[in-house]
1. Quick one: which of ILE396, ILE450, ILE419 is surrounded by fewer than 20 Cβ atoms within 10 Å (Cβ to Cβ), β-branched (Val, Ile, Thr), modelled with pLDDT of 95 or more and in a helix (DSSP H, G or I)?
2. Look through the range 430-459, keep the residues that are touching a helix residue (DSSP H, G or I) at 6+ places or on another chain (Cβ under 7 Å) and β-branched (Val, Ile, Thr), and return whichever of them is nearest to LYS493 (Cα to Cα).
3. Can you report the number of residues in the range 49-65 which are under 14 Å from THR194 (Cβ atoms) and either surrounded by 10 or more Cβ atoms within 10 Å (Cβ to Cβ) or within 29 Å of the chain's Cα centre (by Cα) (or both)?
4. Given the criteria outside any loop (DSSP other than H, G, I, E, B), without any contact (Cβ under 8 Å) to a residue 12 or more places away in the chain and in the same structural domain as LYS525 (by TED's automatic domain parsing), does GLN383 qualify?
5. Just to be sure, is PHE426 touching a Leu at 6+ places or on another chain (Cβ under 9 Å), loosely packed, with under 15 Cβ neighbours inside 10 Å, over 16 Å from ASN528 (Cα atoms) and not hydroxyl-bearing (Ser, Thr, Tyr)?
6. Taking interchain pairs and intrachain pairs at least six residues apart, which have beta carbon atoms under 9 angstrom, with the first residue in the range 202-220 and under 21 Å from GLU20 (Cα atoms) and the second of a type in the set (Phe, Trp, Tyr)?
7. Would you say THR244 is buried (at least 22 other Cβ atoms within 10 Å of the Cβ), polar (S, T, N, Q) and under 18 Å from the mean Cα position of the chain (by Cα)?
8. Just for the range 26-42: of the residues that are touching a helix residue (DSSP H, G or I) at 6+ places or on another chain (Cβ under 9 Å) and free of Cβ contacts under 8 Å to residues at least 24 places away in the same chain, which one is surrounded by the most Cβ atoms within 10 Å (Cβ to Cβ)?
Amino acid sequence: MKREDKDKAIEQVIEQTLIEQKAYCKRSDDITIDNIIFDTIYLEKKRIRNIKKSKHSRTEIVFWSNIEERFYSAGPIDKEKILKEIIENYALEISGGYSPKVYNFAVKVVPYIIKAILVGEPFWKLFSKRVKEKINNNIDISGPLDKILHLSKVGTLIVTPTHQSNFDSIIMGYSTFITGLPPLIYGAGLNLFTNPVLNFMMTNLGAYKVDRDKKNDLYKDVLKNYTSVSLEYGYHNLFYPGGTRSRSGKIEEQLKLGLLGSALSTFIKGAKEGKKKNIYVVPCTLNYELCLEARDLIEEYLIEEGNRKFILPNDSSNKIKNILSFAKKIAKIDSKIAVCFGDPIDIFGNAVNDEGISIDAHSRPIDIEKYILVNGVPNFSFQRDRVYTSILGNKILKSFKINNVIMDTHLVSYAVFKIFQKKYPFSNVFKLVSAFEAECTKELLINSIIFLKTILLKKIENRELKIDSIIFSASPGDLVSHSIKQLSSYHGKSVLHERNELFVSNDLITLYYYHNKLTLYELEKDLNIWLQSNM
């Protein structure tokens, strides 16, 4: 947010949140300002006890100790002042910034950061024209970009990507820049701002701070109002509706709708004030041939989902080796990323035409202001608005599924993992991924790839998903070889390697992560029937 808007926006967030809290108290017999403050103090003290000691945490301890001491001896008027002080503290912590100079500098540097992640070139070649072209070749950006660009000029965009990696925001920032889309402000984890360099860059690139450890309702309301005010001021936003990175490797199947609800709130508020605000939601999928955090993410997922059913292998040398050789391996990586923007929709989930007008299934214009009328005038309705936001969330999930780009590493990992599941009938997947080694014949894997490609072709024709071009341009044997080379380039040969006409895996955990990208498309039943006849 620009400096000239920031102070006004913070004041508006504080005032708006305070009015809402007082309204909650009036509507409910159970909620009072005392309850709100007490619950907030209790949860904050509990959170602070569990966080690492730092300069920031010491400042928080002083703040909340002071608030608690004053609260217990305060009268009604002073308690309202204390509530406002807490809201102001949250708003100031959350608020971000935006500097055009820093943005212009960053987008010149970012290509070379991406290069370090994606392409295998020596450091002294980072700034060459050829490397920049190679980067552009490794990032495939698709979707109705001309339409989205036009909508950004007649309204405010909310881009909602899938969340796979810590590199997502870098990739999104670079993608919006090279396609001519406007800068997006976004929420970033508070922990990222502890680094002075990252703090400077992110603050000036439009990032606002989100502390995911803060679970109290008051903080969530302030955060929601901050995003709502930023939309009101015309700032294009980026929300990760999944909330956090996908631990399983799957695309999101459930969304956190709180921040999406701020879009509807902004629209209703504008309509009440006679200021029509066009807000467009643009779903987007981020698809990595290689995800550098894959192993750590899938371990977190398995531990959480498997509980005691999943036990990590005792040998942790592979993890230590990865940490020690990170710099060496990252320089060798030459992987592909697909950024796929979906069709824009309005905040109720309706399609919009090229001019930004909401349309129905027959391309007829819709007056969406009628959706928010209460007794003939625009107004909020808690139950109704929750339903609208839920509908929007379902439309985003549908877009994620059809714009999910399947890459060679996903397809090969899926095929070989399903073969292992059929060959080694463990009672559950947690026992299978804990196995030390699994193998299958070269012929069986290649034939299963051929079989899966025929199914995927039908799904592409039905617009159920998207596929990276290499899957159909390369022969099945070359596809498997390329996937093994890619997986080995960072994760090591243990994920999948060839040995005496067999394909062998000593790391089924990482293989399972890449396999999960295809689990939503109901391939397993047909593949199992085929495997039954061919194993």
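1. On the way: ILE396 fails: surrounded by fewer than 20 Cβ atoms within 10 Å (Cβ to Cβ); ILE419 fails: surrounded by fewer than 20 Cβ atoms within 10 Å (Cβ to Cβ).
None of the other options fit; the residue is ILE450.
2. Filtering the range 430-459 for residues that are touching a helix residue (DSSP H, G or I) at 6+ places or on another chain (Cβ under 7 Å) and β-branched (Val, Ile, Thr), the one nearest to LYS493 (Cα to Cα) comes out as VAL433.
3. 9
4. Working: outside any loop (DSSP other than H, G, I, E, B): yes; without any contact (Cβ under 8 Å) to a residue 12 or more places away in the chain: yes; in the same structural domain as LYS525 (by TED's automatic domain parsing): no.
Answer is no for this residue.
5. Details: touching a Leu at 6+ places or on another chain (Cβ under 9 Å): yes; loosely packed, with under 15 Cβ neighbours inside 10 Å: yes; over 16 Å from ASN528 (Cα atoms): no; not hydroxyl-bearing (Ser, Thr, Tyr): yes.
So PHE426 fails the test.
6. Qualifying pairs under 9 Å: LYS214/TYR90; ASN216/TYR42; LEU218/TYR90; TYR219/TYR90.
7. Working: buried (at least 22 other Cβ atoms within 10 Å of the Cβ): no; polar (S, T, N, Q): yes; under 18 Å from the mean Cα position of the chain (by Cα): yes.
Against the criterion (buried (at least 22 other Cβ atoms within 10 Å of the Cβ), polar (S, T, N, Q) and under 18 Å from the mean Cα position of the chain (by Cα)), THR244 does not qualify.
8. Looking at the filtered set, the residue picked out is ILE31.
The values are calculated or read from the model by the stated rules, or taken from the named source; none is laboratory data. This is a predicted model, so every value here is computed, not measured. In this analysis, Cβ positions are derived from the backbone assuming ideal geometry, glycine residues included, and neighbour counts consider all displayed protein chains.
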